[in-house]
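Participant: Dumping the structure here so I can ask a few things about it.
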Amino acid sequence: MLLSMMLIITGCSTLQQEPYSRFLSKEEGSYSLVIVGHEQSIDFQALENYDINKRVTTIINEHSLELFNRDDSALNVQKAPAFLVFDTEKEVFRSYDFEELIRFLQEE
């Protein structure tokens, strides 16, 4: 009986995970950057050119909008390229414009 209750509780807590939890930043005060459908991969060196590489600790490049929406449809990405920024709790910024992303990261 106790084992059954533990399995039910564990199953429920797993189901309650936010759909974007795998994209959350692992470090307080920093961001995780998810890039969807951009022709070129963006890495830390590219961010260094804008003096913002210390604010971003994780970069995930997903080249296919179709594959991203298949796996992460709850995020509802409408078009590519898309730039999503996550802190340790939630999505904090979204843009379909690279320059807008850079401005956001420079201001933070």
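Please treat every number below as a calculation from the coordinates, not as lab data. The model shown is predicted, which means the values in this text are computed figures rather than measured ones. Cβ atoms come from the backbone with ideal geometry, glycine included; neighbour counts cover every protein chain shown.
Participant: Expressed in nm to one decimal, what extension gain is obtained for the pair Glu107 and Ser73 from 0.36 nm per residue of sequence separation less their Cα-Cα distance?
Facilitator: Additional length available on full extension: 9.3 nm.
Participant: Then there is this: Select from Thr88, Gln40, Thr57 the residue farthest towards the positive end of the dipole of the stretch 20-107; place +1 on Cβ of Lys and Arg, -1 on Cβ of Asp and Glu, and compute about the Cα centre.
Facilitator: Thr88
Participant: Are there GluC sites (Glu not before Pro) in the stretch 22-61 that DSSP puts in a loop and that have at most 13 other Cβ atoms within 10 Å, and which ones?
Facilitator: Those that pass, being in a loop and sparsely packed, are Glu27, Glu28, Glu39.
Participant: A further question follows. Report for the stretch 20-107 the percent antiparallel among DSSP-assigned beta bridges with both residues inside it, nearest 5. Could you put the intermediate results ahead of the total?
Facilitator: Numbers: 9 of 15 bridges.
The antiparallel fraction comes to roughly 60 percent.
Participant: Still on this structure: Below 26 Å, Cα to Cα, which lysines can Lys26 reach? Residues fewer than 8 away in the same chain don't count.
Facilitator: Within reach: Lys54, Lys90.
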